[in-house]
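Only one structure is covered here, and it is reproduced in the block below.
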Amino acid sequence: MIKEQPIKYVLRCRQCGTELADDGLVLFHKGCDPPGLLQTVYTSAWPGQGDDGMGIFQYHEWLPIRRTLPGSSAPVTYRSRGLAEQLRLENLFIAFSGYWPERGALMRTCTFKELEAYAVCARLPERFEDVLVIASAGNTARAFIHVCSTHHIRALIVVPEWSIPMLWRETEHNDCVRIIAVGGNSDYADAVLLADSICRMDGFVAEGGARNVARRDGLGTTVLSCAEEAGCIPDEYFQAVGSGTGAIAAWEASERLSLNKVWPGGPMRLHVAQNLPLAPIYESWTSHSSRIVSMNSLPGCSSEEMYAGVLYNRRPPYGVAGGLYDALLATNGHAYGIANEEAGAASKLFEEAEGIDIDPAAAVAVAGLVKCVARKTVEKDAYIMLNITGGGFKRLRRDVELQTTMPIAVVDRSDFKSVRDHLICKRS
Ligand SMILES: *Cc1c(COP(=O)(O)O)cnc(C)c1O
Ligand SMILES: [Zn+2]
């Protein structure tokens, strides 16, 4: 006899409030046009027991999962001394996702995308036989290659060609994972288009990006970790955003903490930073637009010329109900546009002050904090969470040798049909 699991959570549509049961894959409320983001509503008033050995799954009460997987690492939060002193801040907390064994951070793919990947894979239905399709600009791909490979989950990962060098790994990946690159001058949105068309084929299932509640609650653990360490919900939250999924997740986690009175404090104000000139979220928010402004007007510019190319996303979940616009509006948030030079200087500042190298995208967040402090938008004694979304790549290379994972095919944007030929990986 199969024992019925008690219901841990339901999904609520942010557009209309309808509640749905989770099947491990659903991405939106089908009866709604346009549907909002789905949000998890948990029965537990407490995220979990804080056992570091369980990695991210120590927060299992607030993760929409059916199982836990071994080998994950939780984000590590600590009180900053070096950078705090430089910026003259009294309560700066750094939430670090990456590889920094001296601090107990063991994400070997070096970014917070590993949190998403573990949560999404742990949410999959019991007998999942299909192929999970994931579009990525690089860091997400690396995380899913690692987690799906390690736990034998079939996955097809679509990336723009320029991001192939980001797909490094310590060992060769398992054959259950296949990678396809979109060639030419393609970007993340092209990878999404191809992934969408693949998902129309039988047996391929969309992972869903920001629409996947497991992704967001996985990323939300950065805030849980920070609140635990600080003993309160932070007043100010800093993050570099591309899709804005992490910032939406942070908002949701802070609201959940506040609603359940887990920690004092809040509301938490969002500060999001993007790399100029391809900064659609920054442009949209600063022009008071509730819809994302089009960024197709910069033909001479591409992700490759940016300090943090992974942050360029033409179609982030900004205007959708429960999306980034709502999050910024609800928290009285701010957005920052960061030039390449500012990000470079911030990276150096952080490494010197804290003693670890950080991902270029995380440097954009540091630069946002530097800018905000210069403008005196935050109080000196405010509880500040700096989300270091990636780091320790240099540190990891001291410990292990890395090799690049190659795609099974590079397809042209105009020739998506040829992709089917490469998909014999199905049911292999
Ligand atoms: C993806 C990524 C971001 C941006 O996160 P979003 O949730 O897409 O806004 C920031 N930093 C790093 C290191 C990333 O990989
Ligand atoms: Zn709805």
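The values are calculated or read from the model by the stated rules, or taken from the named source; none is laboratory data. Computed from a predicted model, the values in this text were never measured in an experiment. Note that each Cβ is placed from the backbone with ideal geometry, even for glycine, and that neighbours are counted across all protein chains shown.
Taking each residue of the stretch 358-378 that is over 27 Å from Arg395 (Cβ atoms) and touching a residue at least 24 places away in the same chain (Cβ under 8 Å) and looking for partners that are part of a helix (DSSP H, G or I) and away from ligand 2 (no atom under 16 Å from the Cβ) with beta-carbon atoms closer than 6 Å, six or more apart or interchain, yields Val378/Cys372. Would you check if there is a residue in the stretch 251-258 being among the charged types (D, E, K, R), surrounded by 21 or more Cβ atoms within 10 Å (Cβ to Cβ) and modelled with pLDDT of 95 or more? Yes: one or more hits. Against the test of being at pLDDT 95 or above, over 30 Å from Ala105 (Cβ atoms) and away from ligand 2 (no atom under 16 Å from the Cβ), the options Thr18, Thr43 yield a single qualifying residue, Thr43. Inclusion of Val310 among residues that are crowded, with 23+ Cβ neighbours inside 10 Å and at pLDDT below 95 is warranted.
Pairs meeting the criteria (first residue in the stretch 203-227 and more than 20 Å from Trp263 (Cα to Cα) and away from ligand 2 (no atom under 16 Å from the Cβ), second residue part of a helix (DSSP H, G or I) and of a type in the set (Asp, Glu), beta carbons under 9 Å, at least 6 apart or on different chains) are Ala206/Asp196; Asn212/Glu116; Ala214/Glu116; Arg215/Glu116; Arg216/Glu116; Arg216/Glu252.
Can you tell me which residue is nearest to ligand 2 (Cβ to nearest atom) among those in the stretch 51-68 that are surrounded by fewer than 13 Cβ atoms within 10 Å (Cβ to Cβ) and under 21 Å from Phe96 (Cβ atoms)? My answer is Asp51.
In the stretch 231-280, which residues are hydroxyl-bearing (Ser, Thr, Tyr) and out of contact with any Ser or Thr (no Cβ under 9 Å at 6 or more places or on another chain)?
Selection gives Ser243, Thr245, Ser258.
Among the residues of the stretch 383-419, those that are buried (at least 16 other Cβ atoms within 10 Å of the Cβ), within 21 Å of Phe96 (Cα to Cα) and aliphatic (A, V, I, L, M) comprise Ile384, Met385, Leu386, Ile388, Leu396.
Contact map, the stretch 50-74: residues that are among the aromatic types (Phe, Trp, Tyr) paired with residues that are surrounded by fewer than 20 Cβ atoms within 10 Å (Cβ to Cβ), Cβ distance under 8 Å, separation 6+ or inter-chain. Pairs shown: Phe57/Gly48; Phe57/Thr68; Phe57/Leu69; Tyr59/Gly48; Trp62/Tyr42; Trp62/Ser44; Trp62/Gly48. Scan the stretch 275-286 for residues that are part of a loop (DSSP other than H, G, I, E, B) and within 15 Å of ligand 1 (Cβ to nearest atom) and the total you get is 2. Taken together, the residues in the stretch 257-274 that are farther than 17 Å from Leu324 by Cα and either in a loop (DSSP other than H, G, I, E, B) or in contact (Cβ under 8 Å) with a residue 24 or more places away in the chain (or both) amount to 9.
Listed by position, the strands (runs of 3 or more DSSP E) contained in the stretch 149-254 that have at least 1 residues being more than 19 Å from Ala137 (Cα to Cα) and not β-branched (Val, Ile, Thr) are 204-206, 236-240. Would you check if Pro34 is of a type outside the set (Asp, Glu) and in contact (Cβ under 8 Å) with a residue 40 or more places away in the chain? It is true that Pro34 is of a type outside the set (Asp, Glu) and in contact (Cβ under 8 Å) with a residue 40 or more places away in the chain. Residues that are acidic (Asp, Glu) and under 30 Å from Cys199 (Cα atoms) were ranked within the stretch 14-62; the one that is nearest to ligand 1 (Cβ to nearest atom) is Asp22. Consider the stretch 353-371 and keep the residues that are among the hydrophobic types (A, V, I, L, M, F, W, C) and touching a strand residue (DSSP E or B) at 6+ places or on another chain (Cβ under 6 Å). The one that is surrounded by the most Cβ atoms within 10 Å (Cβ to Cβ) is Val364.
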